[in-house]
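FYI, it's all coordinate maths here, none of it is from the lab. Note that the structure is a prediction, hence the values are computed from the model and not measured. All Cβ positions, even for glycine, are placed from backbone atoms using ideal geometry, and neighbour counts span all protein chains on display.
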Ligand SMILES: Cc1cc2nc3c(=O)[nH]c(=O)nc-3n(C[C@H](O)[C@H](O)[C@H](O)COP(=O)(O)O)c2cc1C
């Protein structure tokens, strides 16, 4: 299957998304419910534009050799420093709730490609059990549940549920209480204090991630709470308009906490060249959400593999041309 075919297929099936050749947040604008950003709707595009404003420096005077993209996180080795983004409810893209088959296809493809699959806990109980079953079915542990900041007693139950699963780490997303739909929900997501997060970290023996960090101070607070990794993210522009782009704040966060915690970044990352930029600026890995959803609509697990392979080949190519042969070679002098 070619990537173009994946996009053409997706266009016939997906709601609220135009399946643009470049997923840059312009056509979806403020489509919420849907894949857009919170009104006025420029957040996703701001993220995308910030990566485009960074350029790669070509370095042809480097020792030749194979490019190695293997990536280690919490003692597990993956083929690429890439995670799929969690989507708690696929009702954003479809009249039916297809979150369970979506997570299943993502986990299957990630097991085959040896990359990290994240999934959201969604509103329906079967999202959680469905993802648990998929990890069992594909015997894959490279999976991270990304749990909403529900009141701590409920969140603790969800953490304990996944403590018994194959998942190799657990993440709490701290910004998603800003999504409009919580207003209509019986159980509401809330903001968390450092102490509340530290307590949640103590509920698991697995590595603990915090997603939704946008300032150096928040990064330091997540470290104080015990975060083994943070995800620099503004939820794809979906929780607060007029935040900076993630690429803009990444250097400040790296400066504040590099070496104390792993740093992952998301928001508008679409190509292997964007991966090079993010890692050169100090991120350890990236998370990509919307394009993986489109890829799944366009070809199920195969569509996800096609997009992953495209990313891989672009990444290898860009690393080769900036003079990097392994991830640890990537550094700030490779970007401008
Ligand atoms: C439709 C949709 C649903 C999402 N659901 C979740 C979620 O349940 N949990 C979460 O942490 N992030 C969620 N996100 C945010 C993404 O995981 C990611 O942080 C964001 O989209 C930025 O990445 P991107 O620009 O590659 O899409 C969602 C994003 C979209 C577009």
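Listed values, structure above:
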read-out	value
For the chain: relative contact order, % (alpha-carbon pairs under 8 angstrom, 6 or more apart)	24 percent
Length added when fully stretched, residue 242-residue 60, from 0.36 nm per residue minus Cα-Cα	61.6 nm
Gain in span if fully extended, residue 152 to residue 309, counting 0.36 nm per residue against the direct Cα distance	52.6 nm
Choice from 105, 259, 34 showing the highest fluctuation, given a GNM over the chain with Cα pairs closer than 10 Å	259
Gaussian network model of the chain, Cα within-10 Å springs - most flexible of 61, 161, 297	61
Gyration tensor verdict on the chain (Cα atoms; rounded if a/c is under 1.5, prolate if a/b is larger than b/c, oblate otherwise)	rounded
Cα→Cβ-extended label distance, 7 Å offset, between residue 11 and residue 114, nm	3.6 nm
Cβ-based exposure ranking for 235, 181, 271, in which fewest neighbours within 10 Å come first	181, 271, 235
Separation in nanometres of the label points that stand 7 Å from Cα toward Cβ, at residue 53 and residue 185	3.2 nm
The range 1-130 shape via C-alpha gyration tensor axes, a/c threshold 1.5	oblate
Over the chain: helical MRE at 222 nm, DSSP H runs n ≥ 4 each giving -39500 (n - 2.57), nearest 500	-12500 deg cm²/dmol
Computed E for residue 126/residue 166 - FRET, C-beta separation, R0 22 angstrom, nearest 0.05	0.75
Gain on full stretching of the segment that runs from residue 217 to residue 26 - 0.36 nm per residue minus C-alpha separation	65.7 nm
Candidates 270, 137, 312, ranked by Gaussian network fluctuation over the chain, Cα under 10 Å, top entry	137
Gyration tensor verdict on the range 75-129 (Cα atoms; rounded if a/c is under 1.5, prolate if a/b is larger than b/c, oblate otherwise)	prolate
